[in-house]
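The block underneath contains the structure these notes are about, expressed in structure tokens.
The numbers here are math on the coordinates, done by the rules we state, and not lab data. The structure displayed is predicted, hence computed values, not measured ones.
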Amino acid sequence: MDQGVAGLLGAAVGGAIGVIGTVSAAWVAGRGQRRSQHEQWLRQVRRDTYVHFVACLHRVERVVQRTGVAARVEGRPVPDGWPEEMTQASEALSAVMLEGPDEIYERALGVFHLAQEWWYALQYEHGDPSPGDTYFQTPSTDIGAATEMFLQAASRVLRASDQGLLSAPPRT
């Protein structure tokens, strides 16, 4: 083989190795960037979901407080059924369940059940309970304190996801 052909062959092999190296580096960098973007997207979706749930809980808390004051001070009966704010909180709870993680959903469910207990206690105490109703004692924890505990847990999850600890890499 003459030196010219050997030189061309060496250049071709070297060029191919360079191209493979460049493509591999770009692929690895792209995969890392995709993972980073996915983690940021997941964190933002979770944050928005948690914020919406908390806003719904604050509205439920205000309705429970206003209804309780109206019943105790003004003697108004507590309406039958759910207030619209409780329905909205239930829908927001479903979104928390979808976005997770399970620890946060369990906390959210606990706060929602507490809000239900407050409403049932008001209905029992100041409404028109039917003979089949069971007694609901006013919960010892207020909705605001339970909501704060949920917020603290959600904050820990968001900080962990910000550090890339909670989300798996996207499937390729």
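Taken one residue at a time, the phi angles of the stretch 52-57 give Karplus couplings (6.51, -1.76, 1.60, θ = phi - 60°) of 5, 4, 5, 4, 5, 5 Hz. Gly and Pro are set to x. Scalar couplings 3J(HN,Hα) for the stretch 106-121, obtained by applying the Karplus form with A = 6.51, B = -1.76, C = 1.60 to θ = phi - 60°, are 4, 5, 4, 4, x, 5, 5, 5, 4, 4, 4, 4, 4, 5, 4, 4 Hz; x denotes Gly and Pro.
One chain, two ends: residue 6 and residue 33. Fully extended at 0.36 nm per residue, the span grows by 5.7 nm beyond their Cα-Cα distance.
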